[in-house]
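Taking it in order: structure first as structure tokens, then the write-up.
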Amino acid sequence: MPDSAQAPAEAERLAEVESTNLLLKNFEERIGGLEKNSHKTMFKRLTESASASALFLGLVLTFASLHETFISKPEADRIARLSQFNQAVNSAAKLRQELIKLSLDPISPQLQLAMASAITPQILNDIATANAMLRDIDNDDVGIPQLLILIGEAYTIGDFHAAKTFATRAVAKKDVTPYLQSEAKRYEGKLLYATGDPAKGRAAFLDAMKMLGDTAVSLSSRAYVLADLVIAEYTTSDCENGAQDFQRFVEMSRGLYDQVRQQLNAMVKGALTQLQGRNCPVPASFPQL
């Protein structure tokens, strides 16, 4: 009996042990699973973090590349073009000043001619450089004073094609003073006379005078434009208009200050005297204007 009673108790104890072991095993598996999941989650977070960082870095690099392509480089190129253009303009102006000083220097005519022959090609090169750069420069970045220097130099050496390019840009600018607009029109008129279109040339000169306004302050500037017109008319044998405008110049000059009147009188007299004997009869005498 004792053995029979003991058997069920032993079986019950073994069952309890087995149940306990099963719970422990199950618990260990759950802990292992949690640890495994925890490790996987951390790895996943690191992966996601790396992906986000790579995406952010890519966006930063893309933005930097776009900024370089569309903002920084174009602006740097713009500044470089303007710098090269201005250098060409300044060089041409400086060389012209040297030629003027040379003409006043008491040296032999042969030496003057030799030095002028050496300087002129440099001016031609400056004009060509400025003309090439101007094609890629916005109109807002170029001032009429710069263009006037180039027009004057191109006109003086007979490069009327380049002079017309510069004059067209100058006349197109409207956000400038009336004086600068007038100067652009005056040069346009000179070019039109030089290229065989006196009717349009005279109209351009008259527009240049109108732009200055009919005021006492602008009188000297208007008289200068009219004097230049008279010279252009006589030079191109526009005799009828030349005679009429000369009389207008005489009348207008009476209101000028003595020094200005004398300067303009000398300019007109000197130019027309050189034309003596050509198609248009030059005034026999020039009154003391």
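Just a few scattered comments:
- Charge sum, other residues only, whose C-beta stays under 14 Å from residue 100's C-beta, Lys/Arg counted +1 and Asp/Glu -1: 0
- Gain upon complete extension [residue 111, residue 94; 0.36 nm per residue less C-alpha separation]: 4.2 nm
- Net charge contributed by nearby residues that have their C-beta within less than 11 Å of residue 236 (K/R +1, D/E -1): 0
- Legend: distances between Cα atoms for 101/185; 174/210; 94/164; 101/210; 173/210; pairs beyond 24 Å are 101/185; 101/210.
- Whole-Å distance, taken between Cα centres, linking the range 108-131 and the range 236-272: 31
- Amide H contacts of residue 275 (H built 1.01 Å from N, under 5 Å, at least 5 apart or other chain): none
Only the coordinates and a few stated rules stand behind these numbers; no lab work does. Computed from a predicted structure; not experimentally measured. Glycine gets a Cβ as well: all are built from the backbone with ideal geometry, and neighbour counts include every protein chain shown.
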